[in-house]
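Everything below concerns the one structure shown next.
Every read-out reported here was derived from the displayed coordinates using simple, explicitly stated rules and does not represent laboratory data. In this text, all values refer to a predicted model and were calculated from it rather than measured experimentally. Cβ placement follows ideal geometry from the backbone for every residue including glycine, while neighbour counts extend to all protein chains displayed.
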Amino acid sequence: MTRTRIALIIGAVTLVAAGAGVGTGLAMPGPTAPTTAPNATGSGYSGYTVMMGGTGAPQWMMGGALPGWTMTGGTGDPGKTMGNWLANAPGARISAADAARLGEQTPAGATIDRTRRRIVFTTTAVHLTALAGPPGGPDETFRIAGLVNPTLVVPVGAQVSIQVVNADPDTAHGLVITAPNAASAWMPMMTAPIAFPGAAVWALGDPTPAGLHTATLTFTASTAGNYDYLCAVPGHAQKGMAGSFLVQGTR
Ligand SMILES: [Cu+2]
């Protein structure tokens with residue numbers, strides 16, 4: 001979590017949404033990655049497709065270059081570049097105190113087995129909060145209900161909403177539900193599609209004085225099976241930013 005100096009060839013990074021409905025997180029245009037760096041007018045970054053999940057991952061998560069950026073002295077962690085880039089992106093914010101509380105709270109309808117790090121829902125309404133890069137926690141992990149990367153179990157047909165909060169001071173993070181075993185790849189999205197339509201927040205920027213960046217993904221767990229949830233920022237899932245997402249039962 002050490003802040004590594006990344007010299008970015010960029011001026012003021014005032015990002016202006018070009019008609020994007022980031023507040024709702026649903027009105028994203030297609031998955032086209034921007035090709036130029038954002039600038040003071042935001043003209044280099046329209047639509048914020050990087051943030052919320054559409055049908056496909058942004059190109060920089062799939063082997064493409066980070067758009068329009070030059071990194072010198074970087075660590076090779078694209079998350080640091082993206083965190084900086086998206087820091088002032090529009091979207092919901094919450095306080096660090098609220099984030100800390102949400103990261104510990106037991107979701108409604110959930111049974112928690114803390115020894116096995118397992119959270120089981122028997123209700124079809126599933127709402128939970130995942131803190132990415134939580135304070136005091138291991139680097140590159142999620143905290144859900146006070147647990148590190150717990151296994152999540154939901155019934156088939158569940159209506160799932162996951163509020164993702166980027167609590168890391170200097171790195172972008174997101175959360176995506178994918179096929180299992182994708183987490184072992186440096187770029188999971190190169191081989192693993194989103195498991196369910198809508199089940200992705202690609203990347204949230206660094207905190208600012210306005211608060212911690214947050215967005216909520218919603219989807220229907222329509223098919224039983226074993227899946228992963230992971231951070232799709234290259235390298236993060238491989239470092240351990242992943243857990244199991246199990247959809248159980250038949251209908
Ligand atoms: Cu991450």
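Please list, ordered by chain and number, the residues whose modelled amide H lies under 5 Å from the amide H of Ala158; skip anything fewer than 5 residues away on the same chain.
Ala221
In units of 2.2 N^0.38 Å, what is the alpha-carbon radius of gyration of segment 86-145?
Values: Rg = 13.3 Å, N = 60, 2.2 N^0.38 = 10.4 Å.
That ratio works out to 1.27.
By the scheme Lys and Arg +1, Asp and Glu -1, what is the net charge of all other residues having a beta-carbon under 15 Å from that of Gln238? Please report the intermediate quantities before stating the final value.
Working: positive: Lys239; negative: Asp77, Asp139, Glu140, Asp228.
Its environment carries a net charge of -3.
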